[in-house]
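**Q** Submitted below is the structure of interest, expressed as structure tokens.
Read the figures in this text as sums done on the coordinates, not as results from a lab. Please read these numbers as outputs of a predicted model, since none were measured by experiment. Every residue, glycine among them, receives a Cβ derived from its backbone with ideal geometry; neighbour counts consider all protein chains shown.
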2 protein chains.
Amino acid sequence: METEPARMTAAEASSAIQARKMSCEELVRSCLARIASRDSVVKAWLRMDPDHVVRRARELDKTAWKGPLHGLPWGVKDVIDTKDYPTTQNSPIYDECQVGRDAAAVAVVRGSGSLILGKTDTVEFASFGRKAVSTNPYNPAHTPGGSSSGSGAAVGDFQVHLAFGTQTGGSHIRPASFNGIYGLKPTWNRVSREGARMSSLTLDTVGWYGRSVEDLILVAEAFRIHRDPTPVAVKGLRVGVCRSPVWREIEPAGELALNTAAKRLAEAGAIVEDLELPEPFGRLHAAHTAIASSEGGASFLPEYINANALLAPGLKEKVENVLQITTQQLLGAYALADSCRPVLDGMFGPSLDVILTPSSKGEAPVGLHTTGDAVFNKMWTLMHGPNVGIPVCFGPTGLPVGVTLVGPRMSEPRLLAIALACAPVIDAEAEERKRRLWPA
Amino acid sequence: METEPARMTAAEASSAIQARKMSCEELVRSCLARIASRDSVVKAWLRMDPDHVVRRARELDKTAWKGPLHGLPWGVKDVIDTKDYPTTQNSPIYDECQVGRDAAAVAVVRGSGSLILGKTDTVEFASFGRKAVSTNPYNPAHTPGGSSSGSGAAVGDFQVHLAFGTQTGGSHIRPASFNGIYGLKPTWNRVSREGARMSSLTLDTVGWYGRSVEDLILVAEAFRIHRDPTPVAVKGLRVGVCRSPVWREIEPAGELALNTAAKRLAEAGAIVEDLELPEPFGRLHAAHTAIASSEGGASFLPEYINANALLAPGLKEKVENVLQITTQQLLGAYALADSCRPVLDGMFGPSLDVILTPSSKGEAPVGLHTTGDAVFNKMWTLMHGPNVGIPVCFGPTGLPVGVTLVGPRMSEPRLLAIALACAPVIDAEAEERKRRLWPA
């Protein structure tokens, strides 16, 4: 097992705390030291109070063990409320806005013994507008992705073990790919999104990052998403490779990641076949745009009215319906998505256990003016089912690239069990990531 | 026009303020006087600070006119955040919980010049659990309905002109019926529900109360729901009377209200015909239960974990899934609702302008241990379209009873225009309500 606490997976740290081989304070001090050495480059955090955090860790060391999340430190994307830090949304409108209540997801992990380390940088309102200043831990000239920029970078850079992100387009799974980490976007509304900034009610989903599938499962259990006790064998597993209706957007690194993952699974005995989606799925991308834009208009009306000059132009445009989405288009988009969801769910069964699909076009692009493109994530967000992001390999630029496993709605226990079996096969570079970012 | 400010409709008060015939301070002082004289009986308010409110009114009197909502006072159901009062959810868990941020709907009306008078009593979390202590203004032995109990009672009792409520089952439209007031439950997600306590994401909807359709329209315009300029004639209007699949639950007063409204419309020249819904609509009531219960499980998990002993048994049962709703049942309920929504929308057209349906089984029941039954509202909530509650008559117990007008999703401008035309025909007792509660 890893001996430097901050370099451990959450699951490893959890075991060490439970066995009393490590204190919560030792764990968090290791994270704080890593942050101190790296923050000037990675800039993942908007707000973090080391003294407060150490005090909380000491309290947790004196408290009866609350379960596997006891003492594990979290980064929380700063569009999600925590009662001990302001929620700024990375917007000048909410500078220092103090909300005396944890978001539902934060309350669940805090109540399960977790330690909220601090708030991570985000694209303004997890939507359009001001970008995070965070950088990709593998190369500060590149974006860590977004909008969950700081959460993705902090977990990837071994600064914190777990973090919350949110996804409306591809804001959770894409940073997982870019930062070489694991991420779960659960089924829409399976985890309460209360206290996470609303952008599009039909799309917004709270998810979490970790450094292994086991990490994701530990958190899922706190949300009463039970561990599936049935073991999964990669041999004989039916994997559908879905290049998706937007395959023309793929880049060499994204293709490499998908093909590498598929090849590794096939070599391990999985039955890997191409999966074509029926025609209506080709229209889901446009439906996502109509819904995100139209619902965003309602979400940002308060700021449009109260703080117009401080609101990003891209958000004003939603309120002004610059895309001129009609009621008919919006209702048509709902109807299309509503009809595709059961079709997708129904594809899973004896001939299909899991879908394998790109997490991103390729590696993280250069520059902090962009967070990359959500084109390979939007359809899956709209379909509401669970997605697990798994790292695969390094691209030609030396940055990590991942893939996504998709399951039918509400299938988290089974999908996580499949991911647990597949991850050691797909992700061959976990040690290499440590070597590059933080050699022992 | 009414001369006692608190007895006016919101639209009348708005005109008087705009014409500078009345100050915001005069208006709010009239409300405060009414509250002082009636609060010991009606008990609509959980939190209200008269000094703060008068100061705000004076500020508004010194501010440039911000539009039709300028100076109009609001009650806000205490499951909705306001930055100037705590949000208690009527739960001991959130006693004094101060949230430094307005809910989206509050921010919109505050930014449009409204004055937040105070927080109104509610059923715990607008769900199950502790009831409001508020009473029906027409008879304190009866409930004002719920869960928007205080908001309904305060508007009905002439204590405040406008109020926010929320609806997951029938929590907004039912109190409109029981308190002799007007209410709009807009299309799901047309008005941001951010900052309103989540119970069921698919169902929860923020709405508002007023004392006339014009009141509802003034508020709608602040939410960028534009006034439909096309005048509506009752003569020739095609009204479908929908007794709904739960008609067996109707009581004499509910039947009287529906028949009276239908008769008055027919006498005014409307083409009133019975409307039967196709078979699948009969299963929507059960689908509502599956969704509300299952989604409630995710919503109340934070309190279940952090404050179990203080959480109402009915809410614990959702987390524990006592109804044993399976994933298949939940997804089946979504699929049914998703398929019925476009069918319902499609019924409107040349042969159907509006649906007329009960708002409640009958009059407000006796006792404060109950808030009445949402059986006539649940299906419409699940269908996501706009509902307007309109008072009709008094029942045998001397309490008001209303009816609901229903339109297709996103049709608020047209539905409100229809309601504006129909209300003077349907609601023949507006003066009688004043006479009974507050004779001039």
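**Q** Work out the mean other chain Cβ neighbour count within 10 Å for the residues of B:97-106 and drop it here as an integer. Mind dumping the intermediate values first?
**A** Values: counts 4, 4, 8, 9, 9, 2, 1, 7, 3, 1.
For this peptide, the per-residue mean of nearby foreign Cβ atoms is 5.
**Q** Working from the alpha-carbon coordinates of region B:325-386, get Rg over Rh, Rh being the Kirkwood radius. Before the final figure, lay out each step's value.
**A** Working: Rg = 15.5 Å, Rh = 14.2 Å.
We get a ratio of 1.09 for region B:325-386.
**Q** With just the Cα atoms defining each centre, how far is region A:205-251 from region A:377-440? Give it in Å.
**A** 7
**Q** Moving on. What residue of chain A sits with its beta carbon nearest the rotation axis taking A to B, and at what distance in whole Å?
**A** Output: A:Asp338, 2.
**Q** Sequence gap of 8 or more, or different chains, plus Cα separation below 27 Å: how many lysine pairs satisfy both in region B:306-440? Walk me through the numbers before you get to the answer.
**A** Numbers: B:Lys316/B:Lys378; B:Lys318/B:Lys361; B:Lys318/B:Lys378; B:Lys361/B:Lys378; B:Lys361/B:Lys434.
Lysine pairs, 8 or more places apart or on different chains, close enough: 5.
**Q** Also, I was wondering about something else. Would you mind telling me which residue in B:Gly398, B:Gly152, B:Gly210 has the biggest mean-square fluctuation in a Gaussian network model of chain B, where springs connect alpha carbons within a distance under 10 angstrom?
**A** Maximum fluctuation in the GNM of chain B, among the listed residues, is at B:Gly398.
**Q** Partner chain Cβ atoms within 10 Å, averaged over the residues of B:202-208 - can you pull that number for me? Working shown, then result.
**A** On the way: counts 4, 0, 1, 0, 0, 0, 0.
Across the residues of B:202-208, the mean count of other-chain Cβ atoms within 10 Å is 1.
**Q** Put the label 7 Å from Cα along Cα→Cβ for B:Thr370; what are its distances to the other copies, in nanometres, shortest first?
**A** Those label-point separations list as 6.3 nm.
**Q** Same structure, new question: Taking the Cβ of B:Thr397 as the center, what net charge do the other residues with Cβ under 12 Å away carry, scoring Lys and Arg +1 and Asp and Glu -1? Don't jump to the answer; show the numbers that get you there.
**A** On the way: positive: none; negative: B:Glu251, B:Glu363.
After counting each charged neighbour, the total is -2.
**Q** Which residue, B:Thr168, B:Thr87, B:Thr63, has the most motion in a Gaussian network model of chain B that connects Cα atoms within less than 10 Å?
**A** Ranking B:Thr168, B:Thr87, B:Thr63 by mean-square fluctuation puts B:Thr63 first.
**Q** Taking B:Thr3 in one copy and the same position in all the others, each labelled 7 Å out along Cα→Cβ, what are the pairwise distances from the first, in nm, shortest first?
**A** For B:Thr3, the other copies' label points sit at 9.1 nm, shortest first.
**Q** Let me ask another. Over every pair of different alpha-carbon atoms in the protein assembly as shown, take the mean of 1/r and invert it; report that Kirkwood radius in Å.
**A** Details: mean 1/r = 0.0359 Å⁻¹.
Hydrodynamic radius (Kirkwood, Cα pairs) of the protein assembly as shown is 27.8 Å.
**Q** Also: Give the residue list of GluC sites (Glu not before Pro) in region B:1-37 that are DSSP loop and have at most 15 other beta-carbon atoms within 10 angstrom.
**A** The qualifying sites are B:Glu2.
**Q** For the pair A:Ser40 and B:Ala141, how long in nm is the line joining their label points, each one 7 Å along Cα→Cβ?
**A** 7.8
**Q** When Cβ neighbours within 10 Å are restricted to other protein chains, what is their mean count per residue of peptide B:296-308? List each step's numbers first, then the result.
**A** On the way: counts 1, 3, 13, 5, 2, 10, 14, 3, 3, 10, 6, 2, 1.
Across B:296-308, the average partner-chain Cβ count within 10 Å equals 6.
**Q** Hey, could you grab the Kirkwood Rh for region A:281-337? Inverse mean 1/r over distinct alpha carbon pairs, Å, one decimal. All intermediate terms of the calculation are to be shown ahead of the outcome.
**A** Numbers: mean 1/r = 0.0855 Å⁻¹.
One over the average 1/r among Cα pairs gives 11.7 Å for region A:281-337.
**Q** Continuing with the same structure: Exactly which GluC sites (Glu not before Pro) in region B:251-282 are in a DSSP loop and have at most 15 other Cβ atoms within 10 Å? If you can, show how the numbers build up before the last one.
**A** On the way: sites: B:Glu255, B:Glu267, B:Glu273, B:Glu276; in loops: B:Glu276.
Answer by residue number: B:Glu276.
**Q** Among the listed pairs A:Lys185/A:Lys263; A:Lys21/A:Lys66; A:Lys83/B:Lys83; B:Lys83/B:Lys119, which are separated by more than 18 Å between their Cα atoms? Could you put the intermediate results ahead of the total?
**A** On the way: A:Lys185/A:Lys263 25 Å; A:Lys21/A:Lys66 16 Å; A:Lys83/B:Lys83 15 Å; B:Lys83/B:Lys119 11 Å.
Checking Cα-Cα distances, A:Lys185/A:Lys263 exceed 18 Å.
**Q** Using DSSP loop states and a limit of at most 12 other Cβ atoms within 10 Å to flag trypsin sites (Lys or Arg not before Pro), what is the longest stretch of chain B containing no flagged site? Spell out each step's value before the answer.
**A** On the way: sites that count: B:Arg20, B:Lys21, B:Lys235.
Answer from the scan: B:22-234.
**Q** A follow-up question, please. Restricting the calculation to Cα positions, tell me the Rg (one decimal) and the Dmax (whole number) of region A:1-81 in Å.
**A** Calculated on Cα positions, Rg and Dmax stand at 12.8, 37 Å.
**Q** What are the nm distances, shortest first, from A:Leu310 to its equivalents in the other copies, labels at 7 Å along Cα→Cβ?
**A** 3.1
**Q** Sticking with this one: Testing the spin-label approximation: label points 7 Å from Cα along Cα→Cβ at B:Arg55 and A:Lys66. State their distance in nm.
**A** With each label placed 7 Å out from Cα toward Cβ, I get 3.7 nm.
**Q** Another question, if that's okay. Can you list the HN-Hα couplings for region B:259-265, worked out from phi with the Karplus curve (6.51, -1.76, 1.60; θ = phi - 60°), rounded to whole Hz and with x for Gly and Pro?
**A** Using θ = phi - 60°, the values come out as 5, 5, 4, 4, 5, 4, 5 Hz.
**Q** Antiparallel DSSP bridges in the protein assembly as shown: what percent, to the nearest 5?
**A** Numbers: 61 of 91 bridges.
Among the beta bridges of the protein assembly as shown, antiparallel pairing accounts for roughly 65 percent.
**Q** Which residue fluctuates the most in chain B, going by a Gaussian network model with Cα springs under 10 Å, if the choices are B:Leu310, B:Leu336, B:Leu301?
**A** Largest GNM mean-square fluctuation: B:Leu310.
**Q** Where both partners of a DSSP beta bridge lie in chain A, what percent of those bridges are antiparallel, to the nearest 5? Before the final figure, lay out the partial values.
**A** Values: 30 of 45 bridges.
Percent antiparallel among DSSP bridges in chain A is about 65.
**Q** Two decimals is fine: what's Rg over Rh for chain A, C-alpha atoms, Kirkwood radius as Rh?
**A** Numbers: Rg = 20.2 Å, Rh = 21.4 Å.
So for chain A, dividing Rg by the Kirkwood Rh gives 0.95.
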